[in-house]
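Working notes for the structure below.
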Amino acid sequence: LRLEADLARAVETDEFVLHYQPVVDLEGRPLGCEALLRWQHPEDGLLYPDRFVGVAERSGAIARIGALVLRQACRQVARWRREGLTVDVAVNLSGAQLRPALLGEVRAALAEADLPATALTCEVTETVLVTEAHAIAVLADLRALGVRVAVDDFGTGYSSLAALRRLPVDVLKIDRSFVAALDQPGDAAIVEAVLRLAQALDLDVVAEGVETEFEARVLRELGCPTGQGYRWARPLPAEDFRAWWAARV
Ligand code: G
Ligand code: G
Ligand code: MN
Ligand code: NA
């Protein structure tokens, strides 16, 4: 209950901070980032999404938090691009955000930051795609703006292959549970199947949660082009992300 009241205040005073995790090619060259939400709570310190995103979804606060996230991510990435970093950004969306008003918020965030739509990817989970009736139309409209759409945690939900072909998506993010189990033949086969599927449907792929050089090597051998994970970098505060990037280009 306190958390819910605190969240209402946090939206008013914008206590939200984004960390940025690098997305790289499998040689480790930087390509972009994923923005991950944190809450700088005045008493409790830095809180992670597992502590408050569920509460925000139930209270409805997630809609306004989501708008703040979009603005902050677009502003930051536009600044980096002006400084010469050729970076793009993926933002996570909750199912509740996939309503028609999202279009206006995305447009406003891009316009205010002077960021091209092609620099922004919206991530939604597979489950949201299957269960939220209005989601598909909203995502199609986002893509019409030039924004890319990624399916997060791919492989853990229930989207059929037939459904995937009809969905307005550009990127599959292979769930980190499959990457973590790449030393198991069954899981390597799943990753391989997702890579083939992506190729057949002309989708981009990102392997998530790559922690070890072994995992990176297997992914490289399987032909996975792109990854993200502790092997290269954790989610970083903006200043640290910039330093990480500068050290690698
Ligand atoms: O670093 P990590 O603990 O950041 O993120 C945990 C979970 O929180 C992930 O599943 C991620 O998708 C979700 N998450 C991170 N940032 C956001 C955000 O800005 N909005 C929403 N709705 N979920 C987020
Ligand atoms: O659900 P989503 O993919 O948006 O969540 C991203 C989450 O994965 C964040 O909580 C982020 O901190 C976490 N993460 C990123 N890289 C790694 C990794 O290499 N290993 C693990 N275990 N988690 C990771
Ligand atoms: Mn994500
Ligand atoms: Na994920």
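The values are calculated or read from the model by the stated rules, or taken from the named source; none is laboratory data. All values reported here derive from a predicted model rather than from experimental measurement. Neighbour counts run over all protein chains shown; Cβ positions are idealised from the backbone, glycine included.
Could you give me the residue pairs with C-beta distances under 7 Å whose first residue belongs to the range 46-59 and is under 17 Å from Leu236 (Cα atoms), whose second residue is surrounded by fewer than 18 Cβ atoms within 10 Å (Cβ to Cβ) wherever it lies, and which are 6+ apart or on separate chains?
Hits for this filter: Leu46/Gln40; Leu47/His41.
If only one of Arg64, Arg38, Arg71 is within 17 Å of Asp14 (Cα to Cα), free of Cβ contacts under 8 Å to residues at least 40 places away in the same chain and within 13 Å of ligand 1 (Cβ to nearest atom), which one is it? Step through it out loud before you land on a result.
Details: Arg64 fails: free of Cβ contacts under 8 Å to residues at least 40 places away in the same chain; Arg71 fails: free of Cβ contacts under 8 Å to residues at least 40 places away in the same chain.
Exactly one residue qualifies, and that residue is Arg38.
Would you mention how many residues in the range 9-44 are part of a helix (DSSP H, G or I) and over 24 Å from the mean Cα position of the chain (by Cα)?
First, the residues of the range 9-44 that are part of a helix (DSSP H, G or I): 9-13.
Among the residues that remain, those that are also over 24 Å from the mean Cα position of the chain (by Cα) are: 9, 12-13.
Adding up the residues that qualify gives 3.
One residue is enough: does the range 131-151 have a residue meeting the conditions farther than 22 Å from Arg71 by Cα, within 16 Å of ligand 4 (Cβ to nearest atom) and in contact with a helix residue (DSSP H, G or I) (Cβ under 9 Å, 6 or more places away or on another chain)?
no
Considering every residue within the range 73-83, establish whether at least one is of a type in the set (Phe, Trp, Tyr) and more than 16 Å from ligand 2 (Cβ to nearest atom). Explain how you work it out, then say what you get.
Initially, the range 73-83 is screened for residues of a type in the set (Phe, Trp, Tyr), giving 80.
Cutting the leftovers down to more than 16 Å from ligand 2 (Cβ to nearest atom) gives us 80.
Yes: one or more hits.
Could you go through the range 58-66 and let me know if any residue there is of a type in the set (A, V, I, L, M, F, W, C) and not in a helix (DSSP H, G or I).
Residues of the range 58-66 that are of a type in the set (A, V, I, L, M, F, W, C), as a first pass: 61-63, 65.
Adding the requirement that they be not in a helix (DSSP H, G or I) leaves 61.
Checking the range 58-66: at least one residue is of a type in the set (A, V, I, L, M, F, W, C) and not in a helix (DSSP H, G or I).
Starting from the range 236-249, take each residue that is touching a residue at least 40 places away in the same chain (Cβ under 8 Å) and list its partners that are of a type in the set (Ser, Thr, Tyr) and assigned to a helix (DSSP H, G or I), counting only C-beta distances under 8 angstrom and pairs at least six apart or across chains.
Sorted first by the residue in the range 236-249, then by its partner, the list stays empty.
Across the range 199-249, what is the number of residues that are modelled with pLDDT of 95 or more, aliphatic (A, V, I, L, M) and surrounded by 13 or more Cβ atoms within 10 Å (Cβ to Cβ)?
12
Looking at the range 122-142, is at least one residue modelled with pLDDT under 95 and within 30 Å of Trp244 (Cα to Cα)? Explain how you work it out, then say what you get.
First, pick out the residues of the range 122-142 that are modelled with pLDDT under 95: 125-137.
Going one step further and asking which of them are within 30 Å of Trp244 (Cα to Cα), we end up with 125.
Within the range 122-142, one or more residues are modelled with pLDDT under 95 and within 30 Å of Trp244 (Cα to Cα).
Looking at Gly84, Gly95 in this structure, which one is under 25 Å from Thr131 (Cα atoms) and without any contact (Cβ under 8 Å) to a residue 60 or more places away in the chain? Please lay out each step first, then the result.
Numbers: Gly84 fails: under 25 Å from Thr131 (Cα atoms).
Every option except Gly95 fails the conditions.
Condition check ((1) part of a strand (DSSP E or B); (2) buried (at least 22 other Cβ atoms within 10 Å of the Cβ); (3) modelled with pLDDT under 95) across all residues:
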site	(1), (2), (3)
Ala73	no, yes, no
Trp80	no, no, no
Ala90	yes, yes, no
Leu103	no, no, no
Arg107	no, no, no
Glu112	no, no, no
